[in-house]
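Everything below concerns the one structure shown next.
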Amino acid sequence: MLSGEFDREPGRGCGPHRASRVDRRLLLRAAGAGLLLAASPKLVRAASGKYEAMILACIDPRVQEPVHVYAAKRGLTGQYSQFVIAGAAIGVVAPGFADWHKAFWDNLAVSIELHQIDKIIAIDHRDCGAAKIAYGDAAVADPAHETETHRQALAQFRKEVGARHPKLGIETGLMALDGSMEMSG
């Protein structure tokens, strides 16, 4: 059949049989979308609106699920935007990653504008390769040095957020690979 032609089914009147199949598909899609909206209104929202926070986390695949679980335990499911960058706060403040800094600050500004967030939660994690790249082997040589490296980076992060967005609440923490958190500042 050529494009634009209609086919007739035996026993049925004239009409675009092909178009009626498309209409049924569209109808089913619309019904499915309506069910999705009804089933999870908290998760289906417009691009703008009031949300609780932005979570800053690391790209490390080992911490994706622990960060998600942490957010869920805090009651933040569907209530936060997320920015994921190597090193989390380290990626935002370390001089070695200076080319990335503008992208984070621009995204934070957009999240404040669109999502009207009240706070940012920065989650660094233990055994972070970006910390080693940014500050060298000695900075993560043992747990005490690793903790101090993250403490300083998170303090610098809090200082920079406070200077740019003084009304924004700031929470920072260091996550172990098992998902346990040590809050700082």
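Read the figures in this text as sums done on the coordinates, not as results from a lab. Here the structure is a predicted model, which means the values were calculated and not measured. Neighbour counts run over all protein chains shown; Cβ positions are idealised from the backbone, glycine included.
Results, tabulated for the structure shown:
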read-out	value
Cut-off 14 Å (backbone N to label point 7 Å along Cα→Cβ of R74), residues of the stretch 82-112	82-84, 89
Listed residue (Q116, A130, P61) projecting farthest to the positive dipole end of the stretch 53-184, Cβ model	Q116
Partner lysines for K167 [C-alpha distance under 22 Å; skip if fewer than 8 residues away on the same chain]	K50, K102, K119, K159
A109 versus E65: modelled label distance in nm, points set 7 Å from Cα along the beta carbon direction	3.8
Cα extents of the stretch 53-184 along the three principal axes, largest first (Å)	40, 30, 22
